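The values are calculated or read from the model by the stated rules, or taken from the named source; none is laboratory data. These numbers come from a predicted model, not from an experiment. No Cβ is skipped: glycine too gets one built from the backbone with ideal geometry, and neighbour counts run over all protein chains shown. Remember, those area values only see protein heavy atoms, side chains included, never the ligands or the DNA or RNA. Shrake-Rupley method; radii C 1.70, N 1.55, O 1.52, S 1.80 Å.
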Amino acid sequence: MQQTMQPFTFHTPTRISFGEDTAYGVGDIVAEFGASRPLLVTDANLLKAGLLGPIIEALREAGIAEPVIFDQVPPDSDITCVRNAVNIARAASCDSVIGLGGGSVLDTAKVVNIGLTFGVDVMEFEGMNTLTSKLLPFIAIPTTAGTGSEVSAVAMIKDHVEHKKLLFGSRFLFPDVAILDPKLLVSLPPGLTASTGLDALTHAIESFVAMTKNSPSDALCLESMKLIFGNLPRATKDGTDLEARSAMLVGSMMAGLSFTNAGVGIVHALAHAFGGRFGTHHGVTNAIFLPYGMEFNLEAVSDKFDMAYNYLCVVMRDSAEPSKSWFVSGKGDSATNLIQAVRNLNSACGVPSRLKDIKVPELSETEMIELAEIAITDPAIMFNPRLASIEDLVEIIKRAY
Ligand SMILES: NC(=O)c1ccc[n+]([C@@H]2O[C@H](COP(=O)([O-])OP(=O)(O)OC[C@H]3O[C@@H](n4cnc5c(N)ncnc54)[C@H](O)[C@@H]3O)[C@@H](O)[C@H]2O)c1
Ligand SMILES: [Fe+2]
């Protein structure tokens, strides 16, 4: 019997421009918004890797004065860095923001834009739906294929004093334009290529089974899973493989559109708790928790895992990936095969499989309960398809350790 379709709202206002050298279009886009003094938010690694070159050249060619550059974003941006960037941008009378970097840079740039637009401390707008009007023009140019921040309406900023992540969420945080240029990812090292790609896979898998999933998000997730399973080992092995880089960039953007409209789940809730406490990278932490989170959810969504696995088996036949042994395991039923395929993909990409491998110290029962208490109040968990107790979360932490 056909299930009744539950009501949904699907909102995705970001204009997406994909292709090699699309970064050179940034000047025209800034001009199109009527802006002339953008703040360019980035980090020191990207400056060193020469990624600012095309952006500055494009702005100059469009007749725009040199941007004000803020290149001090640390991995896992913090609130102090946001405040510093806001001060610089306001002093220079910036009228728009460009974020060039991974999720840390893009999230920083989003929150900086709040402070630049309203001229108040950004903490006044922490939380969900606290913004009531439009921000200055914001262009997101991702240099990792993972977070989906270039099309999402949220930003996560670390509070180093409280050791937790601050969430800013609003429809006004959607970037106006996302420029996806695969050439900007060539310098991304293999370890970060793999871990950021697995963040994207986690978005696709969690939003595919989330409580608020819907038909558009389902379609995005399936295509995203296909692109990621089929290309992540290639992109990890050879960073200059622009075909694999392109597929990853599009796959992670599609997963971003999906989780923005359908939510994530228990894996992200745990990754946020551990990232906040131990500073572990978001992508690696998700990659470690993903198979355990899927095992926990299996009894609630085995039909969806089964469907995804069977779909992927068909579409992967034409994948350009030469070795798919890590995908087709074939020993269990389809739903458990999907979980095994995730484990195989993690190991094919050389991503750590245990929390202890990423320097998480051995935890006492009380510490695990404390982390579980943080995860259970994380907004991500409310979309999870199976209700989790503190005991369930502690059990997952023990298994992932
Ligand atoms: N807003 C969202 O929707 C959303 C979703 C998921 C995660 N996040 C956030 O994103 C952050 C993680 O972002 P990330 O995984 O993209 O990593 P990241 O932005 O922290 O970058 C990791 C490292 O990679 C380097 N790097 C990035 N691109 C490079 C390139 N092309 N060449 C060389 N080096 C490069 C950076 O300099 C940095 O040192 C976390 O703070 C997480 O909370 C946000
Ligand atoms: Fe994520």
Subject >> Wholly enclosed helices (runs of 4 or more DSSP H) of the stretch 214-315 bearing at least 1 residues within 30 Å of residue 370 (Cα to Cα) and either hydrophobic (A, V, I, L, M, F, W, C) or more than 14 Å from ligand 1 (Cβ to nearest atom) (or both) >> reply: 242-262, 266-278, 282-315
**OP:** Residue by residue through the stretch 125-153, note down the ones that are more than 21 Å from residue 78 (Cβ to Cβ) and either in the same structural domain as residue 276 (by TED's automatic domain parsing) or assigned to a strand (DSSP E or B) (or both).
**Re:** 139, 141
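Can you confirm whether the stretch 296-305 contains a residue that is closer than 23 Å to residue 107 by Cα and not assigned by TED's automatic domain parsing to the domain that holds residue 103?
No, the stretch 296-305 contains no residue that is closer than 23 Å to residue 107 by Cα and not assigned by TED's automatic domain parsing to the domain that holds residue 103.
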Original post:
Out of curiosity, is residue 69 in the same structural domain as residue 134 (by TED's automatic domain parsing), assigned to a loop (DSSP other than H, G, I, E, B), touching a helix residue (DSSP H, G or I) at 6+ places or on another chain (Cβ under 9 Å) and among the β-branched types (Val, Ile, Thr)?
Top reply: no
Original post:
Which one is least open to solvent (accessible area, probe 1.4 Å) among residues in the stretch 160-187 that are of a type in the set (A, V, I, L, M, F, W, C), under 23 Å from residue 138 (Cα atoms) and modelled with pLDDT under 95?
Top reply: 166
Original post:
Which pairs do you get when a residue that is in contact (Cβ under 8 Å) with a residue 24 or more places away in the chain, found in the stretch 16-30, comes within reach of a residue that is surrounded by fewer than 17 Cβ atoms within 10 Å (Cβ to Cβ) and part of a helix (DSSP H, G or I), reach meaning Cβ atoms under 9 angstrom, with the pair 6+ apart or on two chains?
Top reply: 20/242; 24/57; 24/61; 27/57; 27/60; 27/61; 28/61
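Can you pull out the residues in the stretch 85-110 that are within 24 Å of the chain's Cα centre (by Cα) and away from ligand 1 (no atom under 16 Å from the Cβ)?
Applying the first criterion (within 24 Å of the chain's Cα centre (by Cα)) to the stretch 85-110 yields 85-86, 96-110.
Across the stretch 85-110, the qualifying residues are 86, 96.
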Subject >> Of all residues making up the stretch 104-124, the number that are under 22 Å from residue 50 (Cβ atoms), open to solvent by 10 Å² or more (accessible area, probe 1.4 Å) and not polar (S, T, N, Q) >> reply: 0
**OP:** Name the residue, out of 27, 19, that is modelled with pLDDT of 95 or more, more than 22 Å from residue 108 (Cα to Cα) and out of contact with any Gly (no Cβ under 6 Å at 6 or more places or on another chain).
**Re:** 19
Original post:
Can you name the condition, by its number, that residue 156 falls short on among (1) in a loop (DSSP other than H, G, I, E, B); (2) near ligand 1 (Cβ under 6 Å from one of its atoms); (3) modelled with pLDDT under 95?
Top reply: (1)
Original post:
Assuming residue 110 fulfils every condition listed in (1) among the basic types (Lys, Arg); (2) touching a Leu at 6+ places or on another chain (Cβ under 8 Å); (3) part of a loop (DSSP other than H, G, I, E, B) apart from one, which condition is it?
Top reply: (3)
**OP:** Output the residues belonging to the stretch 188-211 that are away from ligand 1 (no atom under 16 Å from the Cβ) and open to solvent by 10 Å² or more (accessible area, probe 1.4 Å).
**Re:** 211
Original post:
Going by the conditions given, is residue 388 closer than 24 Å to residue 308 by Cβ and either polar (S, T, N, Q) or in contact with an Asp or Glu (Cβ under 7 Å, 6 or more places away or on another chain) (or both)?
Top reply: no
Original post:
Within the stretch 334-367, how many residues turn out to be open to solvent by less than 20 Å² (accessible area, probe 1.4 Å) and assigned to a helix (DSSP H, G or I)?
Top reply: 9
Original post:
Does at least one position in the stretch 80-100 carry a residue that is at pLDDT below 95 and surrounded by fewer than 21 Cβ atoms within 10 Å (Cβ to Cβ)?
Top reply: yes
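Filter the stretch 254-276 down to residues that are open to solvent by 10 Å² or more (accessible area, probe 1.4 Å) and more than 13 Å from ligand 2 (Cβ to nearest atom), then give me how many there are. Write out each step before concluding.
In the first step, residues of the stretch 254-276 are kept if they are open to solvent by 10 Å² or more (accessible area, probe 1.4 Å); the result is 254, 257, 259-261, 264, 272.
Checking which are more than 13 Å from ligand 2 (Cβ to nearest atom) leaves us with 254, 257, 261.
Number satisfying all stated conditions: 3.
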Subject >> Odd one out for residue 175 among (1) within 12 Å of ligand 1 (Cβ to nearest atom); (2) touching a residue at least 60 places away in the same chain (Cβ under 8 Å); (3) assigned by TED's automatic domain parsing to the domain that holds residue 303 >> reply: (3)
